[in-house]
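K.L.:
Pasting in a structure now, in structure tokens, and then I'll have a few things to ask.
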Amino acid sequence: MENFSNYEIWWVTGAQLLYGGDAVVAVDAHSKEMVEGLNNSGRLPVKVVYKGTANSSKEVADIMKAANNDPRCAGIITWMHTFSPAKMWIHGLQQLNKPLLHFHTQYNAEIPWDTMDMDFMNLNQSAHGDREFGHICTRMRIRRKVVVGHWTDPKVLDKIAVWERVAAAWADSQDMLILRFGDQMNNVAVTDGDKVEAEQRLGYHVDYCPVSKLMDYWKKVSDADTDALVAEYFKLYAHDAALEDKASEGYKSIHSAARAELALRAILKDTGAKGFTTNFDDLGDWDINDPHFVGFDQIPGLASQRLMAEGYGFGAEGDWKSAALYRTVWFMSQGLPKGCSFLEDYTLNFDGANSSILQAHMLEVCPLIAEERPRLEVHFLGIGIRKAQTARLVFTSKPDAGVTATVVDLGNRFRLIVNDVECIKSKPLPKLPVASALWIPMPNFEVGAAAWILAGGTHHSCFSYDLTPEYWEDYAEIAGIEMVRIDKDTTIPAFKNELRWNEVYYMLNKSLC
């Protein structure tokens, strides 16, 4: 699917003509060398493109308008090499609608104490110019990330890399289509929300798609393509040899699951959708004795697991916010090693200091988080409109630290809730053949779970081993939404106060909601 090569980050250097033409030439040379150094560092996922030095209000505005109109531009890095009078940035910043990173750095790492003269001072005024630029951004209430440090420092580059991933994922979400096969699960509140406001604030578009339309694709799937996909399953996943018997009920169930995957894949490709939701109460009409009525004979869980691994967003029971957020999590995580998944709080395990929450779902957990090679299994699933033998990948997650996140609609704003968690080793579940993760929410089960509930968190969330809270801070800043974090230092009294203060802030600043 998509990748970072489809995007670029623009670098714009701020200066002015006060110091003469030779100074402008030197500024330009320094900027090119710095951009080349960033790109050659091997630490940045998105290429940085130098767009020149802006010396006037018109030049700034022209660059910002060009950035807005270029779909490859995922964001802008600004750096004030010399003193750049901030009033010349006003019109450009008023027009900019791409993410902004203000890089407070300097060409020289150290002051040349013995040789420094006024010419050097004139060409190394970031300490001066970046404060002027920072002031106008703050006065104009411009959302941005500020990174401070020398442009060769790996720690500084890693901060830029985080922002680049988020900016590219944000660009990806601005033309994100989520298809809802079936409606929202009846009477559920937390996974529903305002789709119009979501498109205004977060960029993605959510469409209802009748299952009957999906069935048009299902009918066109060939037996040959389905056979080939089943063979791929048997090659990729551990399984009992008996499942390969084409006369067995297990094989027939897997064959049907493969056909469902091919149908879903085809409609997602044709529509350009980047994510989808399902509802286990709407799987189309099914009557094995009547060829005029078609539908899935089982919940398409195996298809959802595999499509998530390829980057398609997914939300169960019509949860379109989770489908969109998972796509963004996957997009930000590209190239990182540990994996991500849609998950659901399933059941609690009270065990003193090791009290934890089992994360699972009926079927739909992404195999990217599996500790070992997933097993392809078929078991009866007695939930939803179609109670049937159902194919799925079974595994447990890797023990490791991670972060989970969700977005909730509070009526007057969206709130991003982020929780640091520790995945721990799960015991075997011989009677519950599903994919699962077992985690302790930080700072401990009691405080972490209580804080999540107080914040209005969903029972669905999007988990990643690789993304840190810094990614979510950048995402919330770009989106202009509220973020609350639950971590090792969280206490319930302080967290309640944070929620109260945030409520007052957003009530008084409705334009930010």
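The values are calculated or read from the model by the stated rules, or taken from the named source; none is laboratory data. For clarity, every value in this text was computed on a predicted model and none was experimentally measured. Cβ: placed from backbone, ideal geometry, glycine included. Neighbour counts: every protein chain shown. Quick note on the areas: whole protein, heavy atoms, side chains included, nothing else; ligands and nucleic acids left out. Shrake-Rupley method; radii C 1.70, N 1.55, O 1.52, S 1.80 Å.
K.L.:
Would you kindly give the portion of the calculated P(r) for region 386-508 that falls above 21 Å, as a percent of all Cα pairs?
P.N.:
Here the long-distance tail beyond 21 Å is 46 percent of all Cα pairs in region 386-508.
K.L.:
What angle, in degrees between 0 and 90 and rounded to the nearest 10, separates the Cα long axis of helix 126-139 from the longest principal axis of the Cα atoms of the chain?
P.N.:
Approximately 60 degrees, to the nearest ten.
K.L.:
Any chance you could give the angle, 0 to 90 degrees and rounded to 10, that helix 320-333 forms with the longest Cα principal axis of the chain?
P.N.:
Once rounded, the angle reads 60 degrees.
K.L.:
Also, quick follow-up: Starting from the Cα of K58, step 7 Å toward the Cβ, then list every residue of region 71-93 with an amide N under 20 Å from that point.
P.N.:
Only 84-93 fall inside the zone, counting backbone N under 20 Å.
K.L.:
When a/c is below 1.5 the answer is rounded, else prolate if a/b is larger than b/c, else oblate, so apply that to the chain with a ≥ b ≥ c taken from the square roots of the Cα gyration tensor eigenvalues.
P.N.:
Here the chain falls in the prolate category.
K.L.:
Please name which of V408, I383, S57 has its Cα lying farthest along the dipole of the chain towards the positive end, using unit charges on Cβ (Lys, Arg +1; Asp, Glu -1) and the Cα centre as origin.
P.N.:
With unit charges placed on the Cβ atoms, the residue in question is S57.
K.L.:
Quick one: helix 211-220 against the long Cα principal axis of the chain, what's the angle to the nearest 10°, folded into 0 to 90?
P.N.:
In the chain, helix 211-220 runs at an angle near 80 degrees to the longest axis.
K.L.:
Return the whole-Å distance between the Cα centroid of region 428-460 and the Cα centroid of region 316-378.
P.N.:
Here the answer is 11 Å between Cα centres.
K.L.:
Counting Lys and Arg as +1 and Asp and Glu as -1, what is the net charge of the other residues whose Cβ lies under 12 Å from the Cβ of N69?
P.N.:
Value of the local net charge: +1.
K.L.:
Same structure, new question: Please tell me which of these pairs span more than 18 angstrom C-alpha to C-alpha: K219/K274; K58/K87; K219/K321; K219/K269; K235/K269; K338/K425?
P.N.:
Beyond 18 Å between Cα atoms: K219/K274; K219/K321; K235/K269.
K.L.:
Placing unit charges on C-beta atoms (Lys and Arg positive, Asp and Glu negative, everything else neutral), compute the dipole magnitude of the chain about its Cα centre in debye, rounded to 20.
P.N.:
540 debye
K.L.:
Next up: How do L499, L302 stack up against each other in accessible area, from largest to smallest, with a 1.4 angstrom probe?
P.N.:
Per-residue accessible area, sorted high to low, gives L499, L302.
K.L.:
Hey, another quick one. Sum -39500 (n - 2.57) across every DSSP H segment of at least 4 residues in the chain, then divide by the residue count to get the 222 nm mean residue ellipticity, nearest 500.
P.N.:
Calculated mean residue ellipticity at 222 nm is -12000 deg cm²/dmol.
K.L.:
While we're here: Under a point spin-label approximation (7 Å from Cα along Cα-to-Cβ), what is the E244-N186 distance to one decimal in nm?
P.N.:
4.5 nm
K.L.:
When ligands, DNA and RNA are left out and all protein chains stay put, how many square angstrom of accessible area per residue does the chain have with a 1.4 Å probe?
P.N.:
That works out to 43 Å² per residue.
K.L.:
Okay, moving on. Tell me the carbon and sulfur percent of the accessible area for region 1-96, rounded to whole percent, probe radius 1.4 Å.
P.N.:
That share works out to 50 percent.
K.L.:
Okay, moving on. Loop by DSSP (not H, G, I, E, B), at most 14 other beta-carbon atoms within 10 Å: where is the longest site-free stretch of the chain for chymotrypsin sites (Phe, Trp or Tyr not before Pro)?
P.N.:
Longest site-free region, per DSSP loop and neighbour criteria: 114-292.
K.L.:
Would you work out if region 9-155 is rounded, prolate or oblate? Take a ≥ b ≥ c from the square roots of the eigenvalues of the alpha-carbon gyration tensor; rounded if a/c is under 1.5, else prolate when a/b is larger than b/c, oblate otherwise.
P.N.:
oblate
K.L.:
Further question on the same structure: Taking the Cβ-Cβ separation of N354 and I383 as r and a Förster radius of 30 Å, what is the calculated FRET efficiency to the nearest 0.05?
P.N.:
0.55
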